[in-house]
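Below is the structure I would like to discuss, written out as structure tokens.
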Amino acid sequence: MLELTAEAFKEKITNKLKTDRGIEIGDASDKDIYYVIAAIVNEEIMPQWYDTQKKYEEKNNKQIFYLSMEFLVGNLLQSNLLNCGMLDVSNQALKELGLDPENIYAKEHDAALGNGGLGRLAACFLDSLASLNYAGHGYGIRYRYGLFEQRIINGNQVELPDYWLKNDYPWETKKEDEAVCIHFHGDVHMFKKNDGTLEFNYENTDKVMAIPYDIPIIGYENKVINTLRLWSAEAVYDEQETLATENNEFYHDLDHKHSIEQISGFLYPDDSNHEGKELRLKQQYFLVSSSIQHIIKNFKKNNHTSLRRLPEKVVIQINDTHPSLAIPELMRILMDEENFSWNAAWEVTTKVIAYTNHTTLSEALETWPKGMLEHLLPRIYMIIDEINERFCKGIWYDHEALRDTIPSLAIIADDQVHMARLAIVGSFSVNGVARIHTEILKKQEMKHFYNLFPDRFNNKTNGITHRRWLLQANPNLASLITDVIGPQWIKRPKQLISLLKYSKDSSLLEKFDQVKHENKKILANHIYERTGILVDDQSIFDVQIKRLHEYKRQLLNIFHIIYLYNELKVNPNQDITPRTFIFGAKAAPSYHLAKEVIKLINTVASIVNYDPDIRGKLKVIFLENYNVSLAEKIIPAADISEQISTASKEASGTGNMKLMMNGALTVGTLDGANIEINDLVGNQNMFIFGLTADEVMDYYQHGGFDATAIYNTDDRVKRILDQLNQGEFGSHDIEFKDIYYNILYHNDPYFVLKDFEPYIETHEIVERTYRDRLTWLNMSVTNIAHSGKFSSDRTIREYATDIWKVKQVWG
Ligand code: 26V
């Protein structure tokens, strides 16, 4: 890329400090330096961004539009520097200026526009799309407040607003002239035209402007710059620059303006429990309508032909059902604005839209009260109603054998609109995100749909960008790998497999050990700075980092810790390898039980960490405000990756892939993508335990599991639950009773007790294995070697070939 020397880079920094910020280097803060480096990157990429768009226009190939309510992009300066080939020179220049590059890059406030896996996946996909040279863009919402900032106060989670736009965000460009207008509410009038067809007009709608802000998505060393377009809601003004409302009274106007801006006000912080909130529905339609309007405008600009040919030029991937109103919205535009007949519009729509499912948890499946949808989006509701009518009639007449299943297939049933059903019926592809997840969709959750549309269903196992999660986050490991097998793996991550040849070379394994140890020291320092707690960098770093949810079973992990603590209290001289348990997790603010688990982890931590009997053999660290930046610090230092969901519940998981790629060994259930990791590395290179998905589903269907029986027979379990019930860990004696009741009176719905014993035993094996250094290191390197499959480059290639039918644009 750009041939810049460190000397030249330093000069750029000093010049820009003067010209952009009016200061000399000696007076510049880390933040000033951050902004000028971002400006240097922008200067480099802006012309490339323009050129990329021009090339796309010239070639006029099919383009991919990834619609998502979430893009968890995190921090961008370092990855932008990396992808445009300036990271090394920037690091060197900063060091020569006496600055710590880490500190400078850390000045960026993470863009936390996502909850967890689903949002981060969207961000990894954008990185792969650009790096592999696909014309693929993201569309999302520019929430003014991202996912809340978490503080732990007295062990409790406290949520603070995340006003990430407080300071200038250097990566966005406002495109005022590409704003579009969105309509809510209003009356729909139907006219019969002379030719007998129907025309629909809307009146008295509430209008909202959608203003796009574009963020460049930089491909890795290939000069491709794609776009992430985030929409922001603003009030519509009339010619006199007053708010376009019926009543121009000042305070009424302000109120109105405020309620409009709320549409892009904040990201909903719950990723597990669907609540039918109208504002969330408004957000979804706002995203969908602005994006589709823009896609169609673009098509018309570049193609002087009928919109019937839209499927040749456009594919829209919807990230879960959240953008599934894209289906009726595209129908609406084609019919009401472009005069398409129903059949012609349906033909186009169902060739353009593809749907990814990310969960089978019934409580997360979206449904909207039909009255709410009808009131907010009357025309859209009419179209959904018609889709439903035609679909149900089709089954009735063409699939007699399925007549009985109509109530479970109908898009509108029980006064609710079922969004997953709409998404399946209105798209040409439905994919799950790991093999087992897709199989569960086909055989259980969506089996009737699968019988109707077997060709529509397909699997696309998730992936992660190895550029951010290995090359950038773990430079020491990345350069060791390059020393051993050469740099080809960076562009072809499957080539990591060449490491296998060296996985028994003890002098080399030592080097891997050193890298891990260095990373552990860095994390230990960070932990000390953030918490004041000293952790032993020789201890096993046992890591569970993910959203807090019952099905992810952080509770099983903390029960194991309590068990170890109890054992050590009885026998303080026990010879165990010291362990540091590291947690990072946000709970949805309204998820009471999840917050109780956070409190429990912190309470156990405060007891274990300061108990002299333990003599530092166990440490429990809960790092507050887990986010992308923190993940980048923890993952390179992990020895153990806890992937212990109740089998069948975790659709895929992506943290499992990031940790594996950084040499952590998985302790996991046969769930999600763990199964595919297991296929590659084998039982001998990971620690599998617990119920299988079939066993779990069998218990749900036929019963036969009794939590109380385990409580009564396993003394270890009884002791832990009694400790909770009797307030041994609580500041008052009802503190953790809810957890106790949930397990014993609701029959332990996530099988924590059932999997307790195998989990404990597995951890005993983990400890023995860890002591056998060469075996452990061999396992670790074997995992890294096989992790290439989990690069999102592989995933994106599969989407491109099987679903989107697009090719790389050039090169
Ligand atoms: C659901 C909801 C429902 C209520 C409103 C807000 C909201 C926001 C997000 C979601 C999506 C939940 C689904 C999800 O995040 N699934 C995760 O997707 C990952 C990427 O495919 C996958 O690795 C995880 O296993 C899966 O749990």
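The values are calculated or read from the model by the stated rules, or taken from the named source; none is laboratory data. The structure presented is a predicted model; accordingly, all values stated were derived computationally and were not measured. Quick reminder, even Gly has a Cβ in these numbers, built from the backbone with ideal geometry, and neighbours come from all protein chains shown. For the accessible areas, the whole protein counts, side chains as well, though only heavy atoms, and no ligand, DNA or RNA atoms are used. Shrake-Rupley method; radii C 1.70, N 1.55, O 1.52, S 1.80 Å.
When the Cα centres of region 1-66 and region 769-811 are compared, how far apart do they sit, in Å?
That distance is 31 Å.
Let me ask something additional. Do me a favour and compute the ellipsoid semi-axes for region 252-404 from its Cα gyration tensor, root of five times each eigenvalue, largest one first, whole Å.
They are 26, 23, 16 Å, listed largest first.
Then there is this: With angles folded into 0 to 90 degrees, how steeply does helix 30-59 sit against the dominant principal axis of the chain? Use alpha carbons for both and round to 10.
Result, in degrees: 50.
Using 0.36 nm per residue, how much length does the chain from Gln92 to Lys521 gain when fully extended, once their Cα-Cα distance is taken away?
152.2 nm
Ok, one more. Provide Asp715, Asp706, Asp253 ordered by accessible surface of protein heavy atoms (probe 1.4 Å), highest first.
Correct descending sequence by accessible area is Asp715, Asp706, Asp253.
State the volume of the convex hull built on the alpha-carbon positions of the chain, expressed per residue in Å³ and rounded to an integer.
180
Hey, another quick one. Suppose we flag trypsin sites (Lys or Arg not before Pro) only when DSSP calls them loop and at most 12 other Cβ atoms lie within 10 Å. Which is the longest uninterrupted stretch of the chain?
Result for the longest clean stretch: 194-614.
Search the structure for amide H atoms under 5 Å from the amide H of Ala111, placed 1.01 Å from N in the peptide plane, and list their residues when 5 or more places away or on another chain.
HN-HN under 5 Å from Ala111: Gly74, Asn75.
Rg to Rh ratio, region 360-491, alpha-carbon atoms and Kirkwood radius?
Here the Rg-to-Rh quotient is 1.21.
Please compute the Cα-Cα pair-distance distribution of region 518-600 with 5 Å bins starting at 0, giving whole percents from short to long.
3, 13, 20, 19, 19, 17, 7, 2, 0
Which distance in nm do the two modelled labels at Trp342 and Thr713 give, with both placed 7 Å along the Cα-to-Cβ direction?
6.0
Let me ask you something else. Within the chain, what percent of beta bridges assigned by DSSP are antiparallel, to the nearest 5?
Around 45 percent of the beta bridges assigned by DSSP in the chain are antiparallel ones.
Based on Cα coordinates alone, diagonalise the gyration tensor for region 311-359, multiply each eigenvalue by 5, take square roots, and list the semi-axes in whole Å, largest first.
Over the Cα atoms of region 311-359, the semi-axes work out to 21, 11, 8 Å.
Output wanted: per-residue J couplings in Hz (rounded whole) for region 89-96, from phi through Karplus 6.51 cos²θ - 1.76 cosθ + 1.60, θ = phi - 60°, x for Gly and Pro.
Couplings: 5, 5, 4, 5, 4, 5, 4, 5 Hz.
Give, rounded to the nearest 20 debye, the magnitude of the charge dipole that the chain has about its Cα centre when Lys and Arg contribute +1 at Cβ and Asp and Glu contribute -1 at Cβ.
2220
With the radius of gyration and the Kirkwood radius both derived from the Cα set of region 126-276, what is their ratio Rg to Rh?
1.08
Relative to the longest principal axis of the chain, what angle (0 to 90°, nearest 10) does the C-alpha long axis of helix 6-21 take?
60
Under the rule of at least 5 residues apart or a separate chain, name every residue whose amide H is placed under 5 Å from the amide H of Ala673.
Distant-sequence amide H within range of Ala673: Ser652, Gly653.
Also, I was wondering about something else. Give me the count of lysine pairs in region 131-262 whose alpha carbons sit under 22 angstrom apart, restricted to pairs 8 or more positions apart or on different chains.
8
If R0 is 51 Å, what FRET efficiency do you get for Asp415 and Asn566 from their C-beta distance, rounded to 0.05?
That gives a FRET efficiency of 0.50.
Using helices alone, what [θ] at 222 nm do you get for the chain, with -39,500 (n - 2.57) per DSSP H run of 4 or more residues, divided over all residues and rounded to the nearest 500?
Result for the chain, helices only: -14000 deg cm²/dmol.
I've got another one for you. Over region 554-618, consider all pairs of different Cα atoms and compute the Kirkwood hydrodynamic radius from their mean reciprocal separation; express it in Å, one decimal.
The Cα-based Kirkwood calculation yields 12.7 Å.
Right, here's the next one. With loop defined by DSSP as not H, G, I, E or B, and exposure as at most 15 other Cβ atoms within 10 Å, which is the longest segment of the chain clear of exposed chymotrypsin sites (Phe, Trp or Tyr not before Pro)?
164-609
Using every alpha carbon pair in region 772-811, what percent of pairs falls into each 10 Å bin from 0 up to the bin containing the largest distance?
25, 30, 21, 16, 8
How much FRET efficiency would the formula 1/(1 + (r/R0)^6) give for Lys207 and Glu363, where r is the Cβ-Cβ distance and R0 is 51 Å, rounded to 0.05?
0.90
Would you mind giving the average projected area, over all directions, of the Cα convex hull of region 732-811 in nm² with one decimal?
11.8
Any chance you could give the angle, 0 to 90 degrees and rounded to 10, that helix 592-608 forms with the longest Cα principal axis of the chain?
20
Report the gain in length on full extension from Gln53 to Leu744: 0.36 nm times residue separation, minus Cα-Cα distance, nm rounded to one decimal.
242.8 nm
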